[in-house]
């Protein structure tokens with residue numbers, strides 16, 4: 001598979017795990033599943049999920065990085081990562097938190113992020 005495409009796929013999978021590690025416990029708590037857990041238990045749960053994030057993120061960055069033979073500069077990898085994170089976060093939030101609503105300013109902010117990706121990839 002093309003390393004450019006595989007890098008993006010791995011970053012998307014990584015971000016799915018990351019969003020669950022960072023914000024999934026909020027949904028579990030509001031559902032009453034972990035509401036009585038001590039914070040250290042939530043931290044351990046999040047670390048366990050984040051382990052899978054790193055299992056995809058590290059290979060994505062290693063294979064995607066230009067100095068390792070990949071197609072992307074360090075800055076390109078970072079900006080792509082941020083846009084992927086926002087997209088995954090929005091989808092997660094809309095599915096898991098019914099009171100999450102996008103507004104015009106959120107859309108504009110996302111357009112600025114897309115513009116950042118465009119600018120970073122310009123020659």
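Being without any contact (Cβ under 8 Å) to a residue 40 or more places away in the chain and in contact with a helix residue (DSSP H, G or I) (Cβ under 6 Å, 6 or more places away or on another chain) is the filter here; which residues of the range 87-103 pass it?
Correct list: 100 only.
Condition first: outside any loop (DSSP other than H, G, I, E, B) and within 14 Å of residue 121 (Cβ to Cβ). Now tell me which residues in the range 59-76 satisfy that.
Answer for the range 59-76, where residues must be outside any loop (DSSP other than H, G, I, E, B) and within 14 Å of residue 121 (Cβ to Cβ): 64, 66, 72, 74, 75, 76.
Determine whether the range 27-50 contains at least one residue that is under 26 Å from residue 3 (Cα atoms), touching a residue at least 12 places away in the same chain (Cβ under 8 Å) and in a helix (DSSP H, G or I).
Within the range 27-50, one or more residues are under 26 Å from residue 3 (Cα atoms), touching a residue at least 12 places away in the same chain (Cβ under 8 Å) and in a helix (DSSP H, G or I).
Name the single residue that is modelled with the highest pLDDT among those in the range 90-101 being surrounded by 12 or more Cβ atoms within 10 Å (Cβ to Cβ) and assigned to a loop (DSSP other than H, G, I, E, B).
Across the range 90-101, the extreme among qualifying residues is 97.
Residues checked against (1) within 23 Å of the chain's Cα centre (by Cα); (2) under 26 Å from residue 58 (Cβ atoms); (3) surrounded by 16 or more Cβ atoms within 10 Å (Cβ to Cβ); (4) modelled with pLDDT of 95 or more:
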residue: 6; (1), (2), (3), (4): yes, yes, no, yes
residue: 10; (1), (2), (3), (4): yes, yes, yes, yes
residue: 14; (1), (2), (3), (4): yes, yes, yes, yes
residue: 19; (1), (2), (3), (4): yes, yes, yes, yes
residue: 24; (1), (2), (3), (4): yes, yes, yes, no
residue: 27; (1), (2), (3), (4): yes, no, yes, no
residue: 30; (1), (2), (3), (4): yes, no, no, no
residue: 33; (1), (2), (3), (4): no, no, no, no
residue: 44; (1), (2), (3), (4): yes, yes, no, yes
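Has the range 104-118 got at least one residue that is in contact (Cβ under 8 Å) with a residue 60 or more places away in the chain and either at positive phi or within 18 Å of the chain's Cα centre (by Cα) (or both)?
Scanning the range 104-118, I find no residue that is in contact (Cβ under 8 Å) with a residue 60 or more places away in the chain and either at positive phi or within 18 Å of the chain's Cα centre (by Cα) (or both), so the answer is no.
For residues that are surrounded by 17 or more Cβ atoms within 10 Å (Cβ to Cβ), farther than 13 Å from residue 14 by Cβ and either at pLDDT below 95 or out of contact with any helix residue (DSSP H, G or I) (no Cβ under 7 Å at 6 or more places or on another chain) (or both), tally how many sit in the range 46-80.
2
The values are calculated or read from the model by the stated rules, or taken from the named source; none is laboratory data. No experiment lies behind these values; they were computed from the predicted model shown. Methodologically, a virtual Cβ is constructed for each residue, glycine included, from the backbone with ideal geometry; neighbour enumeration extends over all protein chains shown.
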